[in-house]
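Comments concern the structure below.
The values are calculated or read from the model by the stated rules, or taken from the named source; none is laboratory data. Please read all numbers here as calculations on a predicted model, not as lab measurements. Glycine gets a Cβ as well: all are built from the backbone with ideal geometry, and neighbour counts include every protein chain shown. Areas reflect the complete protein model, heavy atoms only, side chains present, ligands, DNA and RNA absent. Shrake-Rupley method; radii C 1.70, N 1.55, O 1.52, S 1.80 Å.
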Amino acid sequence: MTQIDRRRLLAAGAAVAAAPFSARAQSERGWQARAPMPWPVQEVYAAVHGDRIVVAGGLVGRPGGEPLHVEDRVGLYDPMADAWSEGPRLPAPRHHPMMIGDRALGLFAVGGYGVSPAGEWTGMREVWRLSSDGTAWDRAASLPEPQAEAVGLAFGGRLHLITGRSPGRSPNGAWGDQADVASHWVLDPEHGGWHEARPCPMARNSAAGAVLNGALWVAGGRTVRGGGTGQLDRYDPIESRWDTLAPIPRSQAAGQQVGGGLAMVAVGGKLVAFGGEWFAPGGGGVFRETWIYDPATDAWSAGPDMRTPRHGLAAAAVGDTVYAIAGGAVVSGGQAVGTVEALRL
């Protein structure tokens, strides 16, 4: 999931939801199938590194309450060839590790959950960097505290890790041991280590992020107790200031707020958000909507629906094309897929 003043637009939400996306006529074909990942996986993020999109880790649920299968495999996707290959495996299996790519700094896998004697949802502090020859992962400066289900972005020669979940109680092994955080950590390789920056206005997990117009954007997400949120926050790294803008609209088809487990990228001066899940008594569902945000008007409009609705999917943008990679086709962890779809805007 890669390279994101909540103004009171609740009243305008219905109008925004109904507004047509101006580029839809230019992309009448909508989302198109691409070569699937060689293995199904969900709870993943992606980053662009060189001419490849990199997806690492993730999980696959198992029936009957059996332990989760947590991945250490790394998928490399070549958009030009529409083909997958496999990269060097992570040093240890991880799900929800943030993938952050930067031309100058390289490619990083940050935090996430690992498996320990305490359980399959053990928050991790490790940070790994892909070696210069691309054959192995090396240790980098560890996080000050475990953090997963976060937003990871690179800007100005620094890495940013924003929101997510960190251990709220011992023993840091079960999903319920984790708590939503508004934490904002910054890694400046020139000065070594991570330092704390101004926290995000809202603590939540499973949000999505992108870099656009010299700012960091964090959209959607959910809270453990409050469910999905469409909140959109923008961080100015020069002024160290957060602003809250127009929220992602609710899904008219599902009657639910688009929020947790979505993905987002920046393309053509706009933010493109898609997917996610919601929970309800007795079940829930997965969103298929695509939403496009125009910072010039502070408004969202509807784009083409994904062919395969998913949550916990990875996202990346190459040129004018958005890629939606893998994810869960049903709410929670019941059906991981390797589906890949592309949307050209």
Could you list, in sequence order, the residues of segment 175-193 that are over 30 Å from Thr290 (Cα atoms), modelled with pLDDT of 95 or more and open to solvent by 30 Å² or more (accessible area, probe 1.4 Å)?
none
Would you call Thr122 of a type in the set (Val, Ile, Thr) and more than 21 Å from the chain's Cα centre (by Cα)?
no
Top-ranked residue of segment 64-101 - restricted to ones that are modelled with pLDDT of 95 or more and charged (D, E, K, R), ranked as surrounded by the most Cβ atoms within 10 Å (Cβ to Cβ):
Arg94
So which pairs qualify, if the first residue must be in segment 256-273 and more than 18 Å from Gly284 (Cα to Cα), the second must be open to solvent by 30 Å² or more (accessible area, probe 1.4 Å) and assigned to a strand (DSSP E or B), the Cβ gap must be under 6 Å, and the two must be at least 6 apart or on different chains?
Lys270/Asp294
Could you go through segment 54-63 and let me know if any residue there is open to solvent by 50 Å² or more (accessible area, probe 1.4 Å), at positive phi and under 21 Å from the mean Cα position of the chain (by Cα).
no
Selection over segment 108-120 where residues are among the hydrophobic types (A, V, I, L, M, F, W, C) and either surrounded by fewer than 24 Cβ atoms within 10 Å (Cβ to Cβ) or farther than 20 Å from Trp185 by Cα (or both) yields a count of 2
Restricting to segment 232-266, count the residues that are open to solvent by less than 30 Å² (accessible area, probe 1.4 Å), within 26 Å of Ala336 (Cβ to Cβ) and part of a strand (DSSP E or B).
4
Just the residues that are over 20 Å from the mean Cα position of the chain (by Cα), over 26 Å from Asp51 (Cβ atoms) and not β-branched (Val, Ile, Thr), please, taken from segment 75-119.
Ala92, Ser116, Pro117, Ala118, Gly119
Got at least one residue in segment 150-166 being surrounded by 22 or more Cβ atoms within 10 Å (Cβ to Cβ) and not in a strand (DSSP E or B)?
yes
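On the given criteria, is Ala329 of a type outside the set (Asp, Glu), closer than 19 Å to Gln257 by Cβ and modelled with pLDDT of 95 or more?
On the way: of a type outside the set (Asp, Glu): yes; closer than 19 Å to Gln257 by Cβ: no; modelled with pLDDT of 95 or more: yes.
Judged against the criteria, Ala329 is not a match.
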For segment 274-312, which positions are acidic (Asp, Glu) and in a strand (DSSP E or B)?
Glu277, Asp294
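When you look at Ala136, is it loosely packed, with under 15 Cβ neighbours inside 10 Å and aliphatic (A, V, I, L, M), yes or no?
On the way: loosely packed, with under 15 Cβ neighbours inside 10 Å: yes; aliphatic (A, V, I, L, M): yes.
Yes.
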